[in-house]
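Single-structure report; data block below.
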Amino acid sequence: MIKNIIFDWDGVILDSNSVKDRAFEYVLRHYDAGKVAELVAYHQANGGISRFIKFRMFFEEMLGETISSEQVEDLSQQFSAYALRELVDPKLQIHESIKWVKENYKNYNFHVASGSEESELKRVAEAQQLSSYFQSFHGSPTAKPILVEDILSSNDYLASETILIGDSINDYRAAEANSVAFCAYNRSTLKGIGLIYLNKFSDLTKILK
């Protein structure tokens, strides 16, 4: 019996992935456009990985430059300042998943594990009036497998009673690392991976019965 559900945020609760694309492009606008495009493509294929890691990868692997932790933090803050202007827009809400959450949040323990920076994640959830439907919010710079592990351990949840819903291969890997079942959503390339692919969010009800 499933008692606990861990949700990814971007692409599952909010249709916000394109906002993050634009934030990377804006923050890195003074650098080589081709390399920035490579980073954005990597970002699109690797949701769930912290922007802190992506910024470091951009400089160290794509540009061959060193970058300090302080510089990464500064870039992340610029990213957040740009993205927050759009992330608070209610039009970004994915209505079918939010409808399901609102109808079922009293029946399960809901948590969020996201690649988004944690304080930003909480601010966005509050602005979107969604905070009350989730028991906790967990974000970067902590890696998602550790976020999931922390949710399980701090709440004494059994992995066998928990599922993770996400839209990226890294969400699947975080679930797999913690022996948690994975449900893919909103990313057709994930069909055939994990427990089930949710063609529509209400399909989740079928596997929880």
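Read-outs: derived from the displayed coordinates by stated rules, not from any lab. Since the structure is predicted, the reported quantities are computational estimates derived from the model, not experimental observations. We place every Cβ from the backbone using ideal geometry, glycine too, and count neighbours over all the protein chains shown.
Multiplying the sequence separation of residue 99 and residue 22 by 0.36 nm and subtracting their Cα-Cα distance, what value in nm do you get?
Gain on stretching residue 99 to residue 22: 25.0 nm.
Specify whether the C-alpha gyration tensor of segment 83-157 places it in the rounded, prolate or oblate class, a ≥ b ≥ c being the square roots of the eigenvalues: rounded for a/c under 1.5, otherwise prolate if a/b is larger than b/c and oblate if not.
It comes out oblate by the Cα gyration axes.
Give the separation of the Cα centroids, segment 66-97 to segment 116-148, in Å.
With segment 66-97 and segment 116-148 each reduced to a Cα centre, they are spaced 12 Å.
Once label points are set 7 Å from the Cα along Cα→Cβ at both residue 65 and residue 135, what is their separation, rounded to one decimal in nm?
4.5 nm
Choose one of 116, 94, 59: the residue whose Cα lies farthest towards the positive end of the charge dipole of the chain (beta-carbon charges +1 Lys, Arg; -1 Asp, Glu; about the Cα centre).
Result: 94.
DSSP loop trypsin sites (Lys or Arg not before Pro) in segment 101-158 with at most 14 other Cβ atoms within 10 Å of their Cβ, which ones?
When the trypsin sites (Lys or Arg not before Pro) of segment 101-158 are filtered for loop state and at most 14 Cβ neighbours within 10 Å, 106 remain.
Work out the length of the dipole vector of the chain about its Cα centre, built from +1 on the beta-carbon of each Lys and Arg and -1 on the beta-carbon of each Asp and Glu, and round it to the nearest 20 debye.
Approximately 800 debye in magnitude.
Strictly greater than 20 Å: what percent of every Cα pair in segment 13-136 meets that?
46 percent
Sum -39500 (n - 2.57) across every DSSP H segment of at least 4 residues in the chain, then divide by the residue count to get the 222 nm mean residue ellipticity, nearest 500.
Estimated from H runs of four or more residues: -13500 deg cm²/dmol.
Any idea how far apart residue 29 and residue 200 come out in nm if each label point goes 7 Å out from Cα toward Cβ?
4.1 nm
From the P(r) of the chain, can you give the percent of Cα pairs sitting at distances over 23 Å?
43 percent
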